[in-house]
Each structure stands twice: as C-alpha cells, then as structure tokens.
Amino acid sequence: MIRSTELRLASVGARRHVLPRALCAALCTMAAGQVLAETPVAAADAQVTTLDRLIVQGEQAKGYTVEKTTAGTRMDLSLREIPQSVTVITRDRMDDQNLQSITDVLNNVTGISVAQSDSERLEFFARGFYIDNYQFDGIPAYMEQAWSYGDSALDVALYDRVEVVRGATGLLTGSGNPSASINLVRKHALSRDFTGTVSVGGGDFNKTRSVADVTVPLSPEGTVRARVIGVYQDGESDMDRYGLRKKIGSAIIDADLTDSTLLSVGYEYQKKESNDVTWGGFPLFFSDGTRTNYDRSFNPAADWTFWDTRLQRTFASLQQSFDNGWNLKANLSHEKTEAANHLFYPYYTIFGLDRTTGGGVVPYSGNYQTERKADGADVYAEGPFQLFGREHHLVAGASYNRREYVNNGTFDFPAPLDSYLGWNGAYPEPNWSPLLVQSDGTIKQKAAYVAARFSLAEPLTLLVGARYTDWQIDGRNLDFTTQQLLPFSDTQNEVTPYAGLVYDINDVWSAYASYTEIFNPQTLRDANGGYLDPLSGKGYEAGVKAAWFDDRLNASLAVFRIEQDNLGVATGGFVPGSTESAYEAASGVVSEGFDFEVSGRVTESWSTTFGASHYTARDDNGSSINTHLPRTTLKLFNSYTPQGAWSDLTVGGGVNWQNRSYYVDPVYGAFQQSAYALVSAFARYRLSPQFSVQLNVDNLLDKRYYSQFNGGYGAWGASRNGMLTFNYTF
C-alpha cells in the first residue's frame, strides 16, 4: 500500500494509507453518475463551437490517425508527404485502449520495444537503439532512466496525441541516437463553450483512477479560454506490498490576441509516490546454474523502500499568422524534476544464490536524491515561396536548451544475508551515511536549422535541410576511491543533414527515399586524454505510403539501414594520470530491417491499427546486440461501432506479439524467453448522450511472461487485469 507522505526529499514517513476497494469506487461512481445524468447542463445538448482561426496550433485528432502533422519537419504535411516512418497515437486510441502512461503508449507503437530495469524505470528502443529524443510541443527535451527521475511513468492524460518518427531525427532534435523521436502534443483549449469530461474507474489490484478535463471561456466571446485537467490514481500490483499513487494537474490558457495571433501559457504538475519498489529485480539463477522460479507475487525489495518523483513544467507559446501564408511561432519552457528514493538491491552475482541454503545474496541498499532543471526555447518561421513558377515551402528556426543536474547518493554494502529463501521484505533499514554529490553538471545545446520542400515536378518533391548544433557539457563525477569530485568538460559542433524524395505515383500511393543523420556526444577519453568524437548515426530509408478516404486511413511500408560509428571500445589501458579506462573509436552497429503499418478508419464503424516490424542489429564483430529485445513484433488493435440499433455499443481489442529473445549471462549462460502474445479487449456502452461505461481487460489470456530478464535479474509481467470506467461528458 502507498505511504501517505509528501515527496520524501529528506526523510521517510512510516504512515500507511489503506486503499479504497475497487468495488466501493465502482458503486460510488454509479451513484455519482446518476446524479450527474439527472443534472441539467445547458451545454450538454448544445453543439460545441470550435475555433476557426488562421493558426494551426495542434489538431484534435479523431480516429486512429491524423490528416496532417508537423512531426519530423516542422511543416504541416500529411503522413504520405513525409519521407520517414511516422506513427501517431491519437487521443481516441489512448481512450479506447485505456493507455495511461508514456510506457503504455510506446508499448503499442509499431517497431518500439520496452525493456524494464526495475519497477520504476523502463527503457524504450527502436530499430535496435535506445530512444533518447523527446519533445513536448516540438521543444526538444531529455528523458533519462539512468537515475531516478521517473520519466517512464509520465502520465499522458495531459496530451492530445503522441507522434513517433522512427530513425535518425537530427534535424529537429539535435543530439541523440538513430532510434526514434517522441513528440508529446499537449491538449489545448479549443472550444469557446464550457465543455468537459469526468471519468472515474476502478479495477484489479485495488486500482482507482479519476480524471477531470474541463474547458471554460474566460471572455464573453471565448477569445480567451482555459483548460484544466486533474488526475488522481491509487493502486497496487501483482507484486506483494507494492503501491503507486499519482497526482497530476495542468492548466493552460489560450488567448486570441487578434484574429491571427495566439498566445498560450500553461503549467503542469506530475507527482508519483511508490513504495516497496524494486531496484533491479529478482535473481534469475541459482549458483548451480539452474533457474529460479519465483511466484508472480514475489517482491525482491525490502519493506522500507520507496521511490518518489515530482515534475513541474511551465510553458508558453506565441503564434502569428500572416496573409501571405507564413507563420511565426515561438516556444518557451522551464522544467524542474525532483526525485527521492531508498532502495534495496539483492546483489547475488559475486557469491551466487545457493539453492539449498539461500546464502550468497548481499543486501545492497541505496539512498538517492536527484534534481534536474531544464530550460528550452525554440523560434521558427515557415511558409510558402515561389521559385521557377512553382510553389515551395521553407522552414527556418533556432533553438536553445540548457539542463542542470545534481545526483546525490550514498549506499550500504554489508555482508551477505544468511538466507534469501522465504524472503518477505523484513530487513532493517540501514543507518544512512550523509549524502554525497555523485555527479552534477550543466549541458547546453544551441542550434539553428533550415529545411525546404521543393516541388520539382507535379509528382516529385525534394525535402532537404540541415541543422547546426553547438553542444557543451561541464560537470563533475565522484571518484569513489578518493571521494573527490573530478571535473570534466567537452564541446562538440556538428552539422546534421536531412534529405528526402517523395514521388506521387497517383492520388493514393507515393514512394519515397530519405537520408538522415544524428550525433551523440560522448565523454569517453582515449589513451592520450582526448575526448572521442561523437557517435554518428546515419539512416537510410525507402518505402511506399498510401492514404485513402481524405487521409483518414494511412498505410506505409519501409525498409531501412542505420549505421552508428565512433563507438567507444575499451583498450584495456588507462587515461594518463588517472584510473579512468581509456577507449578508442571503432566502427559501430548496423541495423537493417523493415516496418509496416496501417492505421485509421476503414469504414464509418471500424477503426484499426496494425503494425509489423523486423530488424537485425550487429556490431562490427558480427555479434547481435541487445538480444533481450525482440527482433520481430506485431501489434494490432481494432474498435468497432455497429450502425443502427446497436450504435451505442463499441467493442474492440488487440494483440501484441513478439518473437523469442534471450540474454547471455557471463557466468550462468543463456536465458531465453519464448515468443508470446498479449491479448487485450474493451467494450463501451453509451447509456445516454453524455454518459458511458467502459470495460478494459489486459492480458486477457493471462499469459505468464518476463517483462525483465536482462543483467541476471528478472521481473514478471502483469497478469490478467481489468478496469471499469464511467465517463460523463458535458
């Protein structure tokens, strides 16, 4: 159960909060629903007045696809006009499938794999590479799992859609891996009328979740509007003793300063409290090489552990449209993220977990407090221009990002436990030594970019661009031997080009080819003490795309090759005058494969998303990398609303399948997980024009599988679980 405490940045409270049972929540919700249904609301029956402006600030996507997006280029293009693989998870899709976190969303994106590190941290991969490129309304941001900032638990109730561009995306994101770029597009106050939704739900593992989303006009004609969103979630899991609570809120004001000028300002807050959390997972092997076989409910953590995070973000944007079709947009953001945790790690890989006695596990414990501040700014102009009698399109802009971080921590490493058999979490919390700064620093990135879309001929367009990035880091890392903070710094200047061709075969089909780059600075040093050049990612992609029914149904097929060079390889020596390992740059990883996706509305009743992906990824020695990730994945989800008498009913479901994956332990050998499929289903019934009830079930067939098995530690995936949600719209 979750401890009812504030963010524990300095101390730990011992209080417990008993969760209300899901059944009580459901009954209370039914009663509340009857009251709401009987309350007359003037706006409920009125047709909502949406805004009609020159400015495109973000489409409220309907169905399972979008007609236009600025993903990858800053230009407002259809998916068929973008020479890269793009997936958009819309609000309708998130609501139908009950996708609540960024992890839920990315788990259902074509070509993306999710790898769990422990109960609070997950990592995302695409085409064999780690994803470290994120944007919020187009402003680059950095989300990391190495420390404890809680990025993978980000709630998506505040966002209208999530846009994913696969491959290298250096034009708009700057530094990073050639994996994918994730852009979260915020909800805005698009209605001039008082509108909103309220939902309350309960389900397995004593989970309850309530969401309120309200838009209200602040001026008589609705030229100034506000949208306020609040979320409260509480619950447990399969794992004994684990509890999670989330408190989330946002407020955004959209103001039409003129018919062509829009100002938006907002604030968002996300707080997560988790107790009895894991750090790593449970041991996968006994010392004799046989596998462990823990129950799904087994919790390898001590009963005093917790992991709390708090995110606060303020943002503002100004958009100006001109009569000649040009638009100017400026974005600003400031973020502060804090985290505190007390953790327990069953460290067994030195001595080995004895099958008979249970000896060999070291109760390694950690106490960490971290803080991250980030500021971002982006200004760009885009619009049409005439050249050689044809109309083309240009975008040019500049961006600035600054991130400060400090990671404080201490740890306890006592003698091994007498026995880890029969573990129930009862272990005394250490008397923590004072926290030490383990790392701190500042990262700055300044960039300028330009891209043009040339209409070479009626069926042929060329998209070319480049980004200049100036990247700088100044920081310190703790030397645990000397207990001294060792300073380091590095500066990199890179130009990343972008080029793509799109050929319109006819009004439905197009073919394309593209070349993209990205770079990733590294702080490794060579035998002479110099820093290695940045990792260089290059992406080659070709494919075909199609769009039917005015872009309401989209399909794409792409083949790709990604190369990453300047990979740091340890030489076995040391940097002169230090105990730091020396590295040399080597040819890196090559990833090759294909993506296929179809998404959108097949008929007025049927919406679908089906995606398939396959790749191979090998290093310069020909060895496969990241073998714990599946190489082939299939992801399907459908919703169907009958016409006629049953039009109040919507049903749907999906399947996520992945092929086998494995991990080779240097001591105990290979650990393999067979191919498996997870089935989900939902049904929604509209009881009245404003009131509906929805049931979602995940892992319908109750498949037993590992959500984590890398590095010698494992965790079970969630068992079959359902959630019943009542929705009221006004």
- Query: Do you know which residues across the stretch 482-529 are in a loop (DSSP other than H, G, I, E, B) and free of Cβ contacts under 8 Å to residues at least 24 places away in the same chain?
  - Reply: THR482, ASN506, ASP507
- Message: Quick check on the stretch 709-730: of everything there that is modelled with pLDDT under 95 and of a type outside the set (Phe, Trp, Tyr), which residue is surrounded by the fewest Cβ atoms within 10 Å (Cβ to Cβ)?
- Response: GLY711
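Limited to the stretch 109-137, what total is found for residues that are of a type in the set (Gly, Ala, Ser), crowded, with 22+ Cβ neighbours inside 10 Å and in contact (Cβ under 8 Å) with a residue 60 or more places away in the chain? Walk me through it before giving the result.
Applying the first criterion (of a type in the set (Gly, Ala, Ser)) to the stretch 109-137 yields 111, 113, 115, 117, 119, 126, 128.
Of the ones still in play, those that are also crowded, with 22+ Cβ neighbours inside 10 Å are 111, 113, 119, 126, 128.
From what's left, in contact (Cβ under 8 Å) with a residue 60 or more places away in the chain: 111, 113, 119, 128.
Adding up the residues that qualify gives 4.
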- Can you find a residue in the stretch 465-474 that is free of Cβ contacts under 8 Å to residues at least 60 places away in the same chain, exposed (fewer than 14 other Cβ atoms within 10 Å of the Cβ) and in contact with an Asp or Glu (Cβ under 8 Å, 6 or more places away or on another chain)? no
- If we keep just the residues of the stretch 91-108 that are polar (S, T, N, Q) and closer than 21 Å to SER181 by Cβ, which is surrounded by the most Cβ atoms within 10 Å (Cβ to Cβ)? ASN108
- Note on the structure: (1) modelled with pLDDT of 95 or more; (2) surrounded by 14 or more Cβ atoms within 10 Å (Cβ to Cβ) all hold for VAL437 apart from (2)
- Does at least one position in the stretch 674-690 carry a residue that is free of Cβ contacts under 8 Å to residues at least 60 places away in the same chain and under 17 Å from THR292 (Cβ atoms)? no
- Task: Among what's in the stretch 348-387 and is more than 29 Å from the chain's Cα centre (by Cα) and of a type in the set (Phe, Trp, Tyr), pick the residue that is nearest to LEU318 (Cα to Cα).
- Result: PHE385
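Among the residues of the stretch 660-670, which ones are at pLDDT below 95 and part of a strand (DSSP E or B)? Spell out the reasoning first.
Within the stretch 660-670, the subset at pLDDT below 95 is 663-670.
Within the stretch 660-670, TYR663, VAL664, ASP665, GLY669, ALA670 meet the criteria.
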- Within the stretch 659-688, restricting to residues that are charged (D, E, K, R) and over 12 Å from PHE709 (Cα atoms), the one that is nearest to the chain's Cα centre (by Cα) is ARG660
- Out of PHE385, PHE411, sole residue that is without any contact (Cβ under 8 Å) to a residue 12 or more places away in the chain and part of a strand (DSSP E or B): PHE385
- Residue pairs meeting the criteria (Cβ under 7 Å; at least 6 apart or on separate chains; first outside any loop (DSSP other than H, G, I, E, B), in the stretch 429-443; second of a type in the set (Asp, Glu) and surrounded by 14 or more Cβ atoms within 10 Å (Cβ to Cβ)): GLY441/ASP474; THR442/GLU404; THR442/ASP474
- Candidate set from the stretch 619-647 (those that are of a type in the set (A, V, I, L, M, F, W, C) and either under 28 Å from the mean Cα position of the chain (by Cα) or within 22 Å of ASN107 (Cβ to Cβ) (or both)); member that is surrounded by the most Cβ atoms within 10 Å (Cβ to Cβ): PHE637
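Residue-wise test of (1) hydroxyl-bearing (Ser, Thr, Tyr); (2) over 29 Å from ARG525 (Cα atoms).
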site: ALA570; (1), (2): no, no
site: SER591; (1), (2): yes, no
site: GLY611; (1), (2): no, yes
site: TYR640; (1), (2): yes, yes
site: TRP646; (1), (2): no, yes
- Task: Looking for whichever is in a loop (DSSP other than H, G, I, E, B) and more than 30 Å from LEU172 (Cα to Cα) here; the options are PHE351, PHE344. Which one fits?
- Result: PHE351
- the stretch 84-97 residues that are within 17 Å of VAL693 (Cα to Cα), paired with ones that are at pLDDT below 95 (beta carbon under 6 Å, 6 or more apart): ASP92/GLY63
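The values are calculated or read from the model by the stated rules, or taken from the named source; none is laboratory data. Since this is a predicted model, take the numbers as computed values, not measurements. Cβ: placed from backbone, ideal geometry, glycine included. Neighbour counts: every protein chain shown.
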